[in-house]
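*Asks:* Here's a structure for you.
The values are calculated or read from the model by the stated rules, or taken from the named source; none is laboratory data. Computed from a prediction, not measured in an experiment: that's the story for all the values here. Note that each Cβ is placed from the backbone with ideal geometry, even for glycine, and that neighbours are counted across all protein chains shown.
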Amino acid sequence: MTTGNRTKKELLAENEILRLRLEEAEETLRAIGSGGVDAFVITSPEGKQQVFTLKGAEQPYRILVESINEGAAILAADGAILYCNKRLSTMLQIPLERLIGTKLGAHVAPKDFHTFTALFESCVQESLSEEIAMTTMAGGSIPVLLSCCANETSGAQGISVVVTDLTQQRRNEEILASEHFSTSIVEQASDAIVVCDVKGKIIRASQLAHSLCGTNPLLKPFAKMFRLRIKESGALFSLLPHMQVNRFSSIEVEFKRNDGKLFSLLLNATHLKNIRNQNNGSIVTLADITERKLTEQALQQSEIRLQSAYSHLQFVNEELQIAYEELQMQSEALQNQNQELEQLWERSKRSEEAISKSEERLALATSATQVGIFDWDVATGKVFWTQTHESIFGYAPTTAITTASTAITQHDRSRWSDRVHPEDLPLIEEESRRCMQDCTPVDFKYRIIWPDGSLHWIESKGVFLYDGNGHAIRMLGIAIDITERKRIEEALNESESRFRTMANAIPQLAWIARADGHIFWYNQRWYEYTGTTPEQMEGWGWQSVHDPSELARVLERWQTSIATGEPFEMTFPLRGADGDFRPFLTRIIPLKDAAGRVQQWFGTNTDINELKLVELSLRESEERHRVLAETMLQGVVHHDSNGTIITMNPSAERILGKGLENFLGNSSVDVEENTIHENGEKFPGMEHPAMVALRTGITVRGVIMGVFNPKMDEYRWISIDAVPVFHPGETAPSEVFTVFEDITERRQVEKALQASEQRIQQALRVSRSFTFDWLPDTDHVQRSASCGEILNLTGDEALNDTGEHFIQQIHPDDRVGFLDILHKLTPANSSYVTEYRVIRNDGSEIMLEEVGHGTFYNSGTLERLVGVTTDITIRKQAEQELQKAHDELEQRVHERTKDLANSIERLHNEIEDRERAETSLLHETVERLQAVEALREKEQMLIHQSRQAAMGEMIGNIAHQWRQPLNSLGLIVQHLPLKYELGEFTKEFLSNSVGQSMQLVQHMSKTIDDFRNFFRPDREKVEFRVNETISTTLKLIEDSFISQHIKIEVLDKESTVLYGYRNEFAQALLNILNNARDALTERKTEKPRVTITSRSKNGSAVVTISDNAGGIPKEILNKIFEPYFTTKGPQAGTGIGLFMSKTIIEKNMGGTLTVRNTAEGAEFRIEV
């Protein structure tokens, strides 16, 4: 298509024709697609018109209906299926040809038939949907969502039905319920439970596992979240290698959390199996045994402290013994010193200085050793003693008769005897006289009493000095305070006595060994169990009571402990006096000195035979009862003798809707407001079976009670039994167990069954059918009540009959065929459908249709026959009438066939005409498409021209915006060399110049950004303020107005907000303002002025742009908005600016753009 010689007006006229034809073609295509056109008329170029009808319009919709995953059907007003897709046939397992024509209600489960009927009747007014159950041909039931709405087909009222299979949804709900149940079990477990996949990633974790980990471990590696260290070996635990084996035994591990807290855990793991018994991962349980380990450690430490205390006492005793020996040595040394002093005295004090020094050394020695020295003059009774002796006897220091060199005081002997205990003084006097007479050293221990009443033990040692006649003249000696030593000795003796008593009284075998393992002491229990003697057991004799098969292992472990000094713990058998071996848990703890060297070993052997048997039995029993209680569906609640709830199983919590914590400490009386009788009255707490059983001591069974479940927000019905438990010899129950089951669904099912039975009986009466059940062995036939009306029978005769009697009522012509059908029934062919006539008691004849099914013994003999018999007499009469009508219709069809043959020939001719018309339509469509393409080319050309014009405007505006900054920047640059020549080029001047230059550059860059943002197309509508958009637009062009000395006045009367394309609105303003500027410049108006006014009017924004350029000539006033219309000439304008502005305001923003002349000039008015 060319445009070379055509004028703009011709081009516009051609565009308008093409546009109208395009709109007409598009409207035709939309009508055809929507189904609103059944036929259309096509006019040929010669003016000939032809009518065409549409064929095959429904084919795409039929393909769509057949491809959806839901069942779809069109029902007649009576519910019969007129059309259905294959999906519905597959869903109901009924062949498509058999399904069409049947009533959809016949395939609805009986329990939902009334719901279906109500839905079917109500969908005439509105589209409805309901969840019901439908039955398949095989007798199965499938849940569906039935959606239906009314429609009109060929002038007749019908129903459109969509059937969605909910089987998978129900399965998903069951899986979800199972998931919730397993989750509740996991969350109620007392141990942390972690479920991992085959790669060791955590896919589920209980709340305890979250708490133990300290963070959310889901979807993270088990090894990373739980860095476990095996307690026995110290190695890091890895889950995946352990799960390669079929069986996994419990191991003790340590876990250090990120916050530094250390846990001792007992880890168990098992395989996670899928339905094909394949490994899908692992289930790990982590039991926190930290408290138990701390308790065991505390017990061990207590035992160690006890052993250590005993060892310490022995050690202190040994130290005291050593101190005592040292004191004896010191005493002997003092005696020697005393003898030396006597010799010095006898030699007449050879050297005063030597004596003084000796006395000083003696004073220092006695002071350092806390030994008091005394000298008793037997003749005068005077006593000389040191200051230490003074303090030992509780006297305050005195200077009565003392010298600086000796610090010895003189006293009467009564000063000593006054402190001695009255009970000990006679013994001391007697012992002193004996030693004096026998010339033996004095050594005795006695008690003294201090002034504060405290008792102290004193040990005195001394010797008598005699004259030449053998008479005692003096006694020299020492006194030592042994109070602390006596206390320790008494405590040690008492402790040792208690230890031996305890060691002989405990049930364990106990013994003590030296550091090298030599056992030197056993308790009495050892000898009683083994039947041995101390001589036989001395040293390593214990090996004789060990099991020879275990002895080597025991010796190896024992030798290792002796070598390393580590504690010993092991279980092995010991032979008793009866010759039988029993398992013993042996623990041996070392007693070490301060240097860490083993001094002794303390060992115990605990008989764990009975404990193991009892523990095994209890564990098995507890596990059986635990599994039974946790897996049984019945709830179990344990009450004490007051009726207070002690515990309950998970099923009880589920049925009651509360956890155990909500019941602990409560009784049935406390929660009576939540229980009701079957009649709705409250169930008194004292009548609760548990309270009755406690009160009477009799088992209560089968009590029906309603219990409110807060989780389900409804009452659940339970059947409850209460069983009292008695302690031996007691008449009052000590506790009671209540066992109950949730019978809510059973009650609902029973009610539903009753209702279903009533509906079935009603359906049988309505459909004139009855059911039968025949037992050939007894020939007894039982029928439903509806049989009476059909067979004209009354009373028991209608319900109970014999097979022989009923067969005799069958019409003789049909009896043989009926019996033949019964005889041909086999286990492989056990069902039948037949029709026969019956002669009733009143002689009338009816036609029956019977559907039956037989069950057989293993021998193949018929055991039972059940079925449904329907009175089809009326239907048969209708079929006969229908057959008659069918015959008449066939005759009419034959006659009509001839007419149709002639019509077909005419139709063939019409088809040829339609094909020619379709060809013509195709040509016309191609021409229209070419016209559309030409129109698009013109639109592209307009857009291109608009863009070129906008680009020119933008460049001009940028030039205006940049002219002043460029001048300023030039002045700054010219100023630089001038300052340099004048010697004023300083760093501060340079910094100021650079700063000013950068401000100008940034201003110019911002100008570019402003223009770029202005010409960027809007993608979405936004809210914007009109006055702000006017201000932004003026910033872009104000320099070009200023350069032409044009004044712009903005009168912002109201701040209005628009919703639309902000930049397009600004573009429209820009085009109008540029036209005003060009008009003012071209006409050289004095005091040129442009006035912009914005206000709101009736909820719209109104913007007027007026100038004083003299206005627009009247002959072109109505043409200025046309495309390509311009008065500026081809070099100055494109003629599309105002056209684009009008398009933006009216089409894109739904407003109006008008123009009028005023007294001064033109006024453009925008209203949006």
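*Asks:* Are any residues in the stretch 765-786 in contact (Cβ under 8 Å) with a residue 24 or more places away in the chain and of a type in the set (A, V, I, L, M, F, W, C), and if so, which ones?
*Replies:* If the condition is that a residue be in contact (Cβ under 8 Å) with a residue 24 or more places away in the chain and of a type in the set (A, V, I, L, M, F, W, C), then Phe770, Phe772, Trp774, Leu775, Val781, Ala785 are the ones that fit.
*Asks:* Here is a follow-up. Quick one: count up the residues across the stretch 523-549 that are small (Gly, Ala, Ser) and not in a helix (DSSP H, G or I).
*Replies:* Adding up the residues that qualify gives 2.
*Asks:* Just the residues that are farther than 17 Å from Cys787 by Cβ and surrounded by 11 or more Cβ atoms within 10 Å (Cβ to Cβ), please, taken from the stretch 827-844.
*Replies:* Passing the criteria: Pro827, Ser830, Tyr832, Thr834, Glu835.
*Asks:* What are the pairs, 6+ residues apart or on separate chains, where a residue within the stretch 491-520 that is farther than 29 Å from Thr560 by Cβ and charged (D, E, K, R) has its Cβ under 9 Å from a residue that is in a helix (DSSP H, G or I) and modelled with pLDDT under 75?
*Replies:* Going by the 9 Å Cβ cut-off, the qualifying pairs are Glu496/Tyr310; Glu496/Leu313; Glu496/Gln314.
*Asks:* Take Lys979 and decide whether it is modelled with pLDDT of 75 or more and either of a type in the set (D, E, K, R) or exposed (fewer than 12 other Cβ atoms within 10 Å of the Cβ) (or both).
*Replies:* yes
*Asks:* Now, a different point. From Asp773, Asp814, Asp777, which residue is closer than 14 Å to Val866 by Cβ, surrounded by fewer than 17 Cβ atoms within 10 Å (Cβ to Cβ) and at pLDDT 90 or above?
*Replies:* Answer to the check: Asp773.
*Asks:* Quick check on the stretch 1008-1017. Is at least one of its residues at pLDDT 80 or above and not aromatic (Phe, Trp, Tyr)?
*Replies:* No, there is no match, as no residue in the stretch 1008-1017 is at pLDDT 80 or above and not aromatic (Phe, Trp, Tyr).
*Asks:* Which residues, taken from the stretch 409-458, are among the small types (Gly, Ala, Ser) and part of a loop (DSSP other than H, G, I, E, B)?
*Replies:* Gly453, Ser454
*Asks:* So which residues in the stretch 891-921 are of a type in the set (A, V, I, L, M, F, W, C), at pLDDT below 75 and closer than 30 Å to Glu16 by Cβ, if there are any at all?
*Replies:* Scanning the stretch 891-921 gives a single hit, Leu921.
*Asks:* So which strands (runs of 3 or more DSSP E) stay within the stretch 165-283 end to end and still have 2 or more residues that are under 27 Å from Leu294 (Cβ atoms) and at pLDDT 85 or above?
*Replies:* By residue number, 192-197, 228-230, 251-256, 262-273.
Yes or no, residue by residue, for (1) at negative phi; (2) among the acidic types (Asp, Glu); (3) surrounded by 11 or more Cβ atoms within 10 Å (Cβ to Cβ):
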{"position": "Val545", "(1), (2), (3)": "yes, no, yes"}
{"position": "Ile562", "(1), (2), (3)": "yes, no, yes"}
{"position": "Asp578", "(1), (2), (3)": "yes, yes, no"}
{"position": "Leu613", "(1), (2), (3)": "yes, no, no"}
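*Asks:* Just the residues that are touching a Leu at 6+ places or on another chain (Cβ under 6 Å) and under 21 Å from Glu1160 (Cα atoms), please, taken from the stretch 1087-1106.
*Replies:* Listed by number, the residues that qualify are Pro1088, Thr1093.
*Asks:* Still on this structure: Considering only strands (runs of 3 or more DSSP E) fully contained in the stretch 744-835, which possess at least 1 residues that are of a type in the set (Gly, Ala, Ser)?
*Replies:* In the stretch 744-835, the matching strands (runs of 3 or more DSSP E) lie at 769-775.
*Asks:* Additional query: Condition first: within 17 Å of Glu1167 (Cα to Cα) and crowded, with 19+ Cβ neighbours inside 10 Å. Can you find one or more residues in the stretch 1107-1130 that meet it?
*Replies:* no
*Asks:* Of everything in the stretch 702-713 that's surrounded by 13 or more Cβ atoms within 10 Å (Cβ to Cβ) and of a type outside the set (A, V, I, L, M, F, W, C), which residue is farthest from Phe663 (Cα to Cα)?
*Replies:* Restricting to residues being surrounded by 13 or more Cβ atoms within 10 Å (Cβ to Cβ) and of a type outside the set (A, V, I, L, M, F, W, C), the top hit is Gly706.
*Asks:* Any residue at all in the stretch 123-136 that's touching a His at 6+ places or on another chain (Cβ under 9 Å), modelled with pLDDT of 80 or more and not in a strand (DSSP E or B)?
*Replies:* Within the stretch 123-136 (the criterion being touching a His at 6+ places or on another chain (Cβ under 9 Å), modelled with pLDDT of 80 or more and not in a strand (DSSP E or B)), the answer is yes, since at least one residue qualifies.
*Asks:* Still on this structure, please answer the following. Output the number of the condition that Leu1069 fails; it satisfies all remaining conditions of (1) modelled with pLDDT of 85 or more; (2) surrounded by fewer than 22 Cβ atoms within 10 Å (Cβ to Cβ).
*Replies:* (2)
*Asks:* Now for a different question. With the structure loaded, tell me whether Glu1146 is in the same structural domain as Lys1035 (by TED's automatic domain parsing) and in contact with a Lys or Arg (Cβ under 7 Å, 6 or more places away or on another chain) or whether it fails that test.
*Replies:* For Glu1146, the condition - in the same structural domain as Lys1035 (by TED's automatic domain parsing) and in contact with a Lys or Arg (Cβ under 7 Å, 6 or more places away or on another chain) - is not met.
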